[in-house]
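*Asks:* Sharing a structure with you now.
The values are calculated or read from the model by the stated rules, or taken from the named source; none is laboratory data. What you are looking at is a predicted structure, and each value in this text was computed from that prediction instead of being measured. Cβ coordinates were reconstructed from backbone atoms using ideal geometry, including for glycine residues, and neighbour counts include every protein chain displayed. Only protein heavy atoms, including side chains, enter the accessible area calculation; ligands, DNA and RNA are left aside. Shrake-Rupley method; radii C 1.70, N 1.55, O 1.52, S 1.80 Å.
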Amino acid sequence: MPQYYIKLTVPQGKTAQYIALGRGWGKEFEFMVIILKAIMISGRTLGQGASLEAKMSPEFFNATSSCAISESDYNALGISGDENVLVRTEFGEVVLSARKDDGLPPGVIFIPMGPWANAVVGENTGGCGCPLFKGTEAEVEPTKTQVKDVCELFADLKRLAGEGS
Amino acid sequence: MIIEGGIVYDPINGVLGEEMDLSIEDGRVVEKAGGSEVIDARGMLVMPGGVDAHAHIAGGKVNTGRIMRPEDGRRGTEPRTKLLRPSTGYTVPNCYAIGYRYARLGYTTAFEAATPILEARHTHEELEEIPIIDKGALTLFGNNWEVLECVRDGDLGKLAAFVAWGLLASRGYGVKVVNPGGGEAWGFGGNVKGIDDPVPSFDVTPREIIRYLMRANEALRLPHSVHLHTNNLGKPGNYETTLETLRAVEDIAASRNRQVLHVTHMQFSAYGGTGWRDFESKAPEIAGYFNRHDQFTMDMGQLIFGSATTMTADAPLEYGNARLLKAKWSNHDIELEESSGVVPIVYGRKNPINAIQWAIGLELALLTEDSWQMIMTTDHPNGGPFVNYPEVVALLMSRRKREEELATLHDLASKRTSLPSIEREMDWNEVAIVTRAGPARILGLPEKGHLGVGADGDVSIYEINPEKVDPSRDHEVVKAALARAKYTIKAGEVVVRDGEVVAVPQGSTYWVDASVPEADAARVRADLVEKFAKYYSIQMSNYMVQDAYVTRPRVVRAGVI
Amino acid sequence: MIEEDVLCPFCGCLCDDLKVEVEEGRIVGVKRACRLGMSKFMGHERIVAPMVRRDGVLVETSYEEAYERAAEILKAAKRPLLYGWCSTVCETAKKGILLAEEVGGVIDSTATVCHGPSIIGIEEKGLAGSTLGQVKNRADLIVFWGANPAEAHPRHTLRYSSNSTGMFTPEGRGGRKVIVVDVRKTRTAKNADKFVLIRPGTDYEVIAALRMIVKGKGDLLPDAVAGIAKSDLEEVADMMKAAKFGAVLIGLGLTHSRGRYKNVDGALSLVADLNGFTKFVVLAMRGHYNVAGFGQVCAWETGYPMAVDLSRGAPYFNPGETAACDLLARREADAMMVVAADPASNFPRKTVEAMAEIPVIQVDPYPNPTTFIADVVIPTAVCGIEAEGTAYRMDGLSLRMKKVVDSVYPTDEEVVENILDRVRRLGDDN
């Protein structure tokens, strides 16, 4: 699949870089898939905080398994109502629900801190004990894949079967 | 327990190097003890357990020092044993090292020199964790808003009631005053320049703060006097401020048989010169004044060459240190109460300022004729860590050692001080006074610092024969013997044998409960209710140190009624 | 019955003014708490009983067996890692450090993945700080840098910072300026007088540029630094120098992004520089209610605030080598005890995979992803609600947490002490 790099001018006069995996390039400006190349930030939110000691709850799932995207990026990605986003970094990938966030600049995505965000964070601490939870380069694309729930997220790790709760 | 045949120095009881037996039972010195435990102290020096009246050993400042100085932590590492927790640190040792190292020196009591009321809980958490020794903490009052307002209003009754309340709230032992007024000014980055420089926003002067707190202290008949860190501490020419401060309180009388004011780490307050270029000692002036005024006492604040960590409630001083030294700097201002700072330092022999400072501490101790007015300290860890006390004692006892040291220093130590001309060498009785009997008396601890019947069974035994060793010549022997007690006995239990800790009992914590008239207490409460509602960031009900933090209290009663 | 002045065991604000309504031993209402505190007091699903893993399955067991299994795991391990300690009281931490000494383990707290880099920054530069009440009473300029209290510390602004009132700040928010520096326009930023949007990972450059302007060397700067116009930075520097008392409140935006501890070093240095012109303090916006407390206890007990390796009997500290993430990433830890934390959620995936390969003991009131990979699960009482003890607020102020209701569960402290007892009984052979 060929990759095409284009730059789109977005609001506030700033530019964000996108990788376009396109069909019909050179004729009309239409794409089957656009991958957004962005910087991933993770951090606290109220909803994440309010449910962080109830990690098996739907509230935690709803609060934490989403990816906030700037409005222009969201629109550029052409995410439809039933679509999620796949976030991929050199450390892993994860499917998240997508939502617009007018506080985010183009080219920056935000995932509430938690196991979904950490699926794509690297383990290198740069010699100071702390991973780079903010600032990982990521690619974002729409997907029809479902978001894993917290059990599914850990299913391939230890002996989840028969979990006692 | 019977300690047989030691050569005992017990200045409070007039025992000057007599060979005698001591009996201890149930933690106290008695006429004659039963039991079979006998300690053979023949040919050894026996003294009451050492008492440190001024050291920074617990609380926020000390822990800030540890956290910002991992390089210091690495300097004192000793692994855990079956009996002992691990030790770390040289200037800012961990809690266990503090207890073990004091015990190895033959010290059995140490007082934390400065704790803000708001953060006293933290101080006590650390004091609880220090093994073996008995402890106490002096409470900071010199920049507290309630104090400043009482002084402004001239309300001595209310001030005394607040001091009593503050001691209770902090489980504190005495009234510490640090750079009075300067800490409040530092809230907006300022300082006071002398004892008559008004404190911003409060319309009071350091002179008034000191006088009122001393009067409140005496009205409450507290066991210890006001414990003062002077204004302008650490600055060239500050001896004038120091003398001015002392003259300002000459008319105040002590309410008990003790000093009326203790000026702490005097070395830092005895400076002449208009700047660092003409920096010089004014120790002779200070000591001369003390020789004429026996109502005042001081401690040395002796400087030790090498690494130190300066830490004080005098925050503007620390900011100045950090700028001067280009060193890392921590500051911690405490709402409504105090400020503080921490800066690491290395004192160098070839640094002219440090060399003069070193000499000043010794001049002060040696020129003050009455040893009862003087305590040996290093203001741990400001002048240097307390583990260097044997070095200081050796210096006090040996002119030869002082000359040997002076020869290795910047020559201004000889030119700008009187130390080379001082012939005095302390004897063992004087050493017992400045390290034990004196600090116990100055703190107001009748059961410490002596070995009379009823005293705490705290004894240090050193493997040195005072009748055979000449400290003047054999100062190395003195230093080595004092650094590793042959025995340290705490409340009748051997805690150190042959310089090693062999038992780890938990000591107790002194604090003072002073009674005041209910009418005054009620007025203080009303003020505090308002202050907590408007200004403090916590609730009044969560403020006071709870009993859970002082598990072995030793409460001293005092007060107006 | 209403319990007054209850402390909140959620975030580093450690609010101490909550009113908790208790009826028949149950909490039925909480006043003054934010959404975070409220959710904690009103309760979540709990781990019902101790569990141990048998044939790959967690099955309920007695506390006795759980303690025994935990002790056996720790005793058998060559390089046990004891991690967490921040959503519990200091009394637990003390026992935990003793346990780590006893088993020759490494003890580390959640601080290493939050403000750990701030602590390393403090080791470089020191911290010019104050209590929060000092900010409340004096600050006329507040700078939130990489911090979003609107979501992480909801009552901070009202109790301590931008919207609080005090002796010299009677007008509250009206008498103050608020600057927010962040990579996105957070809810906190929306309340700022001046918002500086920076690109992720450029904090260090921006701070360095500000330091140059503050120290009068701005003419050496280009017209824009990391995409920020120099004029914008000059405006910020002017606001800082014009303040009577400025407070820089730093968040994970500095510690979690490129530069990490060097960003914090820069912020601390900027504040030290500003004190040459006016009064400035800097505080870290600590996350968990007692993350600061573990650091305090660990420092006075071992000399170091986190990531302490006790395998050689004497404390050894070198974050990057001895921090939890590093030990796991290197597959060095061969057993892990997790107390009051959830590293399975909060560590990078590769690190969690390493956890899944070794025996894990979990001590916690609540089930969470760490439960999925635990071999021993020991439920406990919730500190600050069902158990009392000491906690340190984000500014280092120590307070006593209350117990407002009884619990059927043992406290964290009791559990750690029980495991310590079992470890000691297993003998001294390592």
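*Asks:* Taking beta carbons within 10 Å but only from partner chains, what does the mean come to for residues C:46-59?
*Replies:* 3
*Asks:* Would you please classify the overall shape of the stretch B:27-176 from the alpha carbon gyration tensor, given that a ≥ b ≥ c denote the square roots of the eigenvalues, rounded means a/c under 1.5, and beyond that prolate means a/b larger than b/c while oblate covers the rest?
*Replies:* Cα axes put the stretch B:27-176 in the oblate bin.
*Asks:* Still on this structure, please answer the following. Is the shape of the stretch C:116-284 rounded, prolate or oblate, going by the alpha carbon gyration tensor and its root eigenvalues a ≥ b ≥ c, with a/c under 1.5 for rounded and a/b larger than b/c for prolate?
*Replies:* rounded
*Asks:* Antiparallel versus total DSSP beta bridges in the stretch C:220-299: what percent is that, nearest 5?
*Replies:* Looking only at bridges with both residues in the stretch C:220-299, the antiparallel portion is about 25 percent.
*Asks:* Enter the accessible area per residue of the stretch B:496-559 (Å², integer; probe 1.4 Å; all protein chains in place).
*Replies:* Ligands and nucleic acids excluded, the result is 44 Å² per residue.
*Asks:* Moving on to the next point. Quick one: what are the phi-derived ³J(HN,Hα) couplings along the stretch B:34-43, Karplus 6.51/-1.76/1.60 with θ = phi - 60°, whole Hz, x for glycine and proline?
*Replies:* The phi angles translate into x, x, 10, 6, 10, 10, 8, 10, 4, x Hz.
*Asks:* For the protein assembly as shown, what is the mean residue ellipticity at 222 nm derived from helices alone (per DSSP H run of n ≥ 4: -39500 (n - 2.57); sum divided by total residues; nearest 500 deg cm²/dmol)?
*Replies:* Taken over the protein assembly as shown, the calculation gives -8500 deg cm²/dmol.
*Asks:* Something else about it: I want the local charge near B:Val62. Using Cβ-Cβ distances under 10 Å, sum +1 for each Lys or Arg and -1 for each Asp or Glu among the other residues.
*Replies:* Every neighbour counted, the sum reads 0.
*Asks:* Could you give me the ³J(HN,Hα) list for the stretch B:6-15, computed from phi with Karplus coefficients 6.51, -1.76, 1.60 and θ = phi - 60°, whole Hz, x at Gly and Pro?
*Replies:* x, 9, 9, 10, 9, x, 4, 9, x, 9
*Asks:* Continuing with the same structure: Over all residues in C:349-361, what is the mean tally of Cβ atoms on other chains that come within 10 Å of each residue's Cβ?
*Replies:* 4
*Asks:* Which of the aspartates and glutamates could be linked to C:Lys217 by a straight reach, that is with a Cα gap under 18 Å, when you skip same-chain ones fewer than 8 residues away?
*Replies:* C:Glu205, C:Asp232, C:Glu234, C:Glu235, C:Asp238, C:Asp273
*Asks:* By the gyration tensor of its Cα atoms, with a ≥ b ≥ c the square roots of the eigenvalues, what is the shape of the stretch B:47-501: rounded for a/c under 1.5, prolate for a/b over b/c, or oblate?
*Replies:* rounded
*Asks:* Amide H of B:Met20: which non-local residues (sequence gap of 5 or more, or other chain) have their own amide H closer than 5 Å, using H built in the peptide plane?
*Replies:* For B:Met20, the qualifying residues are B:Gly5, B:Gly6, B:Val8.
*Asks:* Students often get this wrong, so check it: of B:Lys534/C:Lys40; B:Lys176/B:Lys415; C:Lys125/C:Lys215, which have C-alpha atoms separated by over 23 Å?
*Replies:* Long pairs (Cα-Cα over 23 Å): B:Lys534/C:Lys40; B:Lys176/B:Lys415.
*Asks:* Further question: Once neighbouring chains are kept in place and the probe is 1.4 Å, which whole percent of the accessible area of chain C is contributed by carbon and sulfur?
*Replies:* Roughly 48 percent, rounded to a whole number.
*Asks:* How much accessible area is lost when chains C and A come together, counting both sides, with a 1.4 Å probe, in Å² rounded to the nearest 100?
*Replies:* 5100 Å²
*Asks:* Subtract the Cα-Cα distance of C:Val22 and C:Val408 from 0.36 nm times their separation in residues, and report this length gain in nm to one decimal.
*Replies:* 137.3 nm
*Asks:* Do any of B:Lys326/C:Lys279; B:Lys531/C:Lys194; B:Lys61/B:Lys490; B:Lys61/C:Lys94; B:Lys135/B:Lys158 go past 24 Å between their Cα atoms, and which?
*Replies:* As for pairs spanning more than 24 Å Cα to Cα, those are B:Lys531/C:Lys194; B:Lys61/B:Lys490; B:Lys135/B:Lys158.
*Asks:* Now for a different question. How do B:Tyr487, C:Tyr316 stack up against each other in accessible area, from largest to smallest, with a 1.4 angstrom probe?
*Replies:* Largest accessible area first, the list is C:Tyr316, B:Tyr487.
*Asks:* Sticking with this structure for a sec: Apply the Karplus parameterisation 6.51 cos²θ - 1.76 cosθ + 1.60, with θ equal to phi minus 60°, to every residue of the stretch C:37-52 and state each ³J(HN,Hα) to the nearest whole Hz, in sequence, with x for glycine and proline.
*Replies:* Calculated HN-Hα couplings, in order: x, 4, 4, 5, 5, 6, x, 10, 4, 10, 5, 6, 8, x, 9, 10 Hz.
*Asks:* Excluding residues fewer than 8 places away in the same chain, name every one of the aspartates and glutamates whose C-alpha is closer than 18 Å to that of C:Lys19.
*Replies:* Within the straight-line cut-off, C:Lys19 pairs with C:Glu3, C:Glu4, C:Asp5, C:Glu386, C:Glu388, C:Asp406.
*Asks:* Give the cross-link partners of C:Lys75 among the lysines, using a straight C-alpha distance below 18 Å as the criterion and excluding same-chain residues fewer than 8 apart.
*Replies:* B:Lys82, C:Lys95
*Asks:* Average the reciprocal distances over every distinct pair of alpha-carbons in chain C, invert the result, and give the Kirkwood radius in Å.
*Replies:* 22.5 Å
*Asks:* Then there's this: When averaged across all projection directions, what area in nm² does the alpha-carbon convex hull of the stretch B:197-290 cover?
*Replies:* Computing the convex hull of the Cα atoms and averaging its projections yields 6.6 nm².
*Asks:* Okay, moving on. Find the centroid of the Cα atoms in the stretch B:29-104 and in the stretch B:132-207, then give the distance between the two in whole Å.
*Replies:* After rounding, the separation between the Cα centres reads 31 Å.
*Asks:* Over the protein assembly as shown, what is the percentage of antiparallel beta bridges among all DSSP beta bridges, to the nearest 5?
*Replies:* Roughly 50 percent of the DSSP beta bridges within the protein assembly as shown come out antiparallel.
*Asks:* Another question, if that's okay. Can you give me the accessible area per residue for the stretch C:116-284, using a 1.4 Å probe, in Å²?
*Replies:* 32 Å²
*Asks:* Within chain C, what's the longest stretch lacking GluC sites (Glu not before Pro) that sit in DSSP loops with no more than 13 other Cβ atoms inside 10 Å?
*Replies:* C:172-430
*Asks:* If you don't mind, there's one more thing I want to ask. Can you run the Rg to Rh ratio on the protein assembly as shown? Use alpha carbon positions and the Kirkwood inverse-distance Rh.
*Replies:* The Rg/Rh ratio comes out at 1.00.
*Asks:* Explain nothing, just the number: dipole magnitude of the protein assembly as shown about its Cα centre with +1 on each Lys and Arg Cβ and -1 on each Asp and Glu Cβ, in debye rounded to the nearest 20.
*Replies:* Rounded to the nearest 20 debye, it is 2600 debye.
*Asks:* While we're looking at this one, here's another question. How big is the gap, in Å, between the Cα center of the stretch A:100-121 and the Cα center of the stretch B:269-345?
*Replies:* Each part reduced to its Cα centre gives a spacing of 51 Å.
*Asks:* Here's a follow-up. Quick check: net charge around A:Ile79, other residues with Cβ under 14 Å of its Cβ, Lys/Arg +1 and Asp/Glu -1?
*Replies:* Counting the neighbours of A:Ile79, the net charge comes to -3.
*Asks:* At the nearest 100 Å², what buried accessible area, both sides summed, do you get for B and C when the probe is 1.4 Å?
*Replies:* 5000 Å²
*Asks:* Using amide H atoms built 1.01 Å from N in the peptide plane, name the residues 5+ places from B:His332, or on other chains, whose amide H lies under 5 Å from its own.
*Replies:* B:Ser340, B:Gly341, C:Gly129
*Asks:* Give the long-range amide H neighbours of C:Phe245: residues separated by 5 or more places, or on another chain, with amide H under 5 Å away, using H modelled in the peptide plane at 1.01 Å from N.
*Replies:* When sequence neighbours closer than 5 places are left aside, the close amide H contacts are C:Asp140, C:Leu141.
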